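Have a look at the structure below before the remarks.
The values are calculated or read from the model by the stated rules, or taken from the named source; none is laboratory data. Keep in mind the model is a prediction, meaning the values are calculated, not measured. Virtual Cβ from ideal backbone geometry, glycine too; neighbours counted across all protein chains shown.
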Amino acid sequence: MQKAAKFVPNVRFILKSSASAAVLFAACGSAMAAHIYVSTTGSDSNPGTQTRPVKTITRADYLATPGSVVHVASGTYYVSAPSAGSVGIRTSKSGTATARIKFISDVKWGAKIIVSGTGITWDSRGSYVDIEGFDISGSGRHGILAAGSNLSFRHNFIHDLTVSGGCTGGGGAAIDTYGPVGNVVIDRNIVRNIGYRMIGTCNTVQGIYIANANNVVTNNIVSGVAAVGIQQWHGATASTIVNNTTFHNKIGILLGQGDSGTTTGSANNYVANNIVYDNKTYGIIEGGKMGGNNRYANNLVARSGTNVKVSGTVSGTVLAEPLFVNYQPTGTGNYKVYSGSPAIDRGTSLKAPIIDFAGVARPRGAALDIGAYEY
């Protein structure tokens, strides 16, 4: 009688299949980790999936890896920063040049972060990170304080930070970049009423505060800031500050170096196409230590104590009322301009953003316009 053949498994097939399954599992795990969800109704013991979101941005950061997108659902997120140095939200993970980490309010300004206390709302320590679409307010002294490099902050509404701790050496700002490298893009944000009650009496609370090199500040609307709407200081240099609208601050735009981090002076800066209006003491000014090759082109500066006081090269300045559709010093107006505005077709294309605050392509007319909006 013929012996029954013994079944021998195809070891090669099994091993190959197992390896494929492992690769597939890893790919699925990676895909799941790439999107992390945050909700006011979530729990930090959850895995951060869409159906089981976490509750805090800090926990989402812990789960993030290069390439992750952190989706923050609409709702009010209350955070506490009791003392000047304390932090409501701390994030520290870094992405890479090809796999950035992105924190996004899934509905623009739908995720509202309200800080209590005198400290920092969001302390961002990672590099290659994007923060986009958040509404930040409260009693603290900083909206976003960022030490990393190669960052971007877009479409945020940072407003009514009351700086309840008062005017101290610790200062404050809506957006503050201070790491050793820089390369930060700050674009299409609204910064409004930062230490508003201290306008003209406090020099340490700023709107957008640049303390490092090679940053790009474009299409922002900045108003009601105790000291300076857009300021360089410390080791800041080689900034591009173009097509912003800044008004009703103590000072509109200040370039310079001083205090810790000061090098050979702030140099190679380009400030162009900005509307700088209704500022208490100065429109555009240099301070502290300056280097060479600083250019100021095609800015509209009006109704400030002194409109322009700089040693760099100045060209194409427009000294006239911008003719806003509805100017309100509180920041609640309409800062587009009328058809007869002297800001229309008076800008320069050099280093200008290709879209405006509202996402409209530039230029729409014969030349670029001055300010955050293209007519």
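Some notes on this structure:
- Some residue of the stretch 304-313 being farther than 26 Å from T204 by Cβ and not basic (K, R): yes
Rundown of residues vs (1) touching a strand residue (DSSP E or B) at 6+ places or on another chain (Cβ under 8 Å); (2) under 17 Å from A372 (Cβ atoms); (3) without any contact (Cβ under 8 Å) to a residue 40 or more places away in the chain, yes/no style:
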site: G224; (1), (2), (3): yes, yes, no
site: G252; (1), (2), (3): yes, yes, no
site: V271; (1), (2), (3): yes, yes, yes
site: Y277; (1), (2), (3): yes, yes, no
site: E286; (1), (2), (3): yes, no, yes
site: K309; (1), (2), (3): yes, no, yes
site: T313; (1), (2), (3): yes, no, yes
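- Pairs where the first residue, in the stretch 82-104, is small (G, A, S) and the second is surrounded by fewer than 16 Cβ atoms within 10 Å (Cβ to Cβ) and part of a strand (DSSP E or B), C-beta under 8 Å, 6+ apart: S86/S80; G88/S80
- Residue that is surrounded by the fewest Cβ atoms within 10 Å (Cβ to Cβ), among those in the stretch 309-323 that are over 17 Å from N243 (Cα atoms) and touching a Phe, Trp or Tyr at 6+ places or on another chain (Cβ under 8 Å): T313
- Which listed residue is closer than 22 Å to A147 by Cα and among the aliphatic types (A, V, I, L, M), from I230, I285: I230
- Put simply, of V217, V222 the only residue that is of a type in the set (A, V, I, L, M, F, W, C), in contact with a Gly (Cβ under 6 Å, 6 or more places away or on another chain) and assigned to a strand (DSSP E or B) is V222.
- Strands (runs of 3 or more DSSP E) (entirely within the stretch 74-155) containing at least 1 residues that are modelled with pLDDT of 95 or more, more than 26 Å from D356 (Cα to Cα) and over 14 Å from the mean Cα position of the chain (by Cα): 75-81, 87-91, 111-117, 120-124, 135-138
- For the stretch 161-197, filtered to residues that are surrounded by fewer than 23 Cβ atoms within 10 Å (Cβ to Cβ) and of a type in the set (S, T, N, Q), the residue that is modelled with the lowest pLDDT is T168.
- Subset of the stretch 41-73 (residues that are under 25 Å from R141 (Cβ atoms), of a type outside the set (K, R) and in a helix (DSSP H, G or I)): I57, T58, A60, D61
- When we screen N203, N214 for residues that are closer than 27 Å to A267 by Cβ, touching a Ser or Thr at 6+ places or on another chain (Cβ under 9 Å), surrounded by fewer than 19 Cβ atoms within 10 Å (Cβ to Cβ) and not aliphatic (A, V, I, L, M), the only hit is N214.
- Residue within the stretch 347-356 that is under 24 Å from S239 (Cβ atoms), part of a loop (DSSP other than H, G, I, E, B), among the basic types (K, R) and touching a Leu at 6+ places or on another chain (Cβ under 8 Å) present: no
- Check on G359, in a loop (DSSP other than H, G, I, E, B), surrounded by fewer than 20 Cβ atoms within 10 Å (Cβ to Cβ) and within 20 Å of the chain's Cα centre (by Cα): yes
- Taking (1) closer than 27 Å to T281 by Cβ; (2) in contact with an Asp or Glu (Cβ under 9 Å, 6 or more places away or on another chain) in turn, L368 satisfies each apart from (1).
- Residue check for S341: among the hydroxyl-bearing types (S, T, Y), surrounded by fewer than 16 Cβ atoms within 10 Å (Cβ to Cβ) and either touching a residue at least 12 places away in the same chain (Cβ under 8 Å) or more than 28 Å from A267 (Cβ to Cβ) (or both): no
- The set of residues from the stretch 133-171 being touching a residue at least 40 places away in the same chain (Cβ under 8 Å), under 19 Å from T262 (Cα atoms) and touching a strand residue (DSSP E or B) at 6+ places or on another chain (Cβ under 8 Å) comprises just one member, G148.
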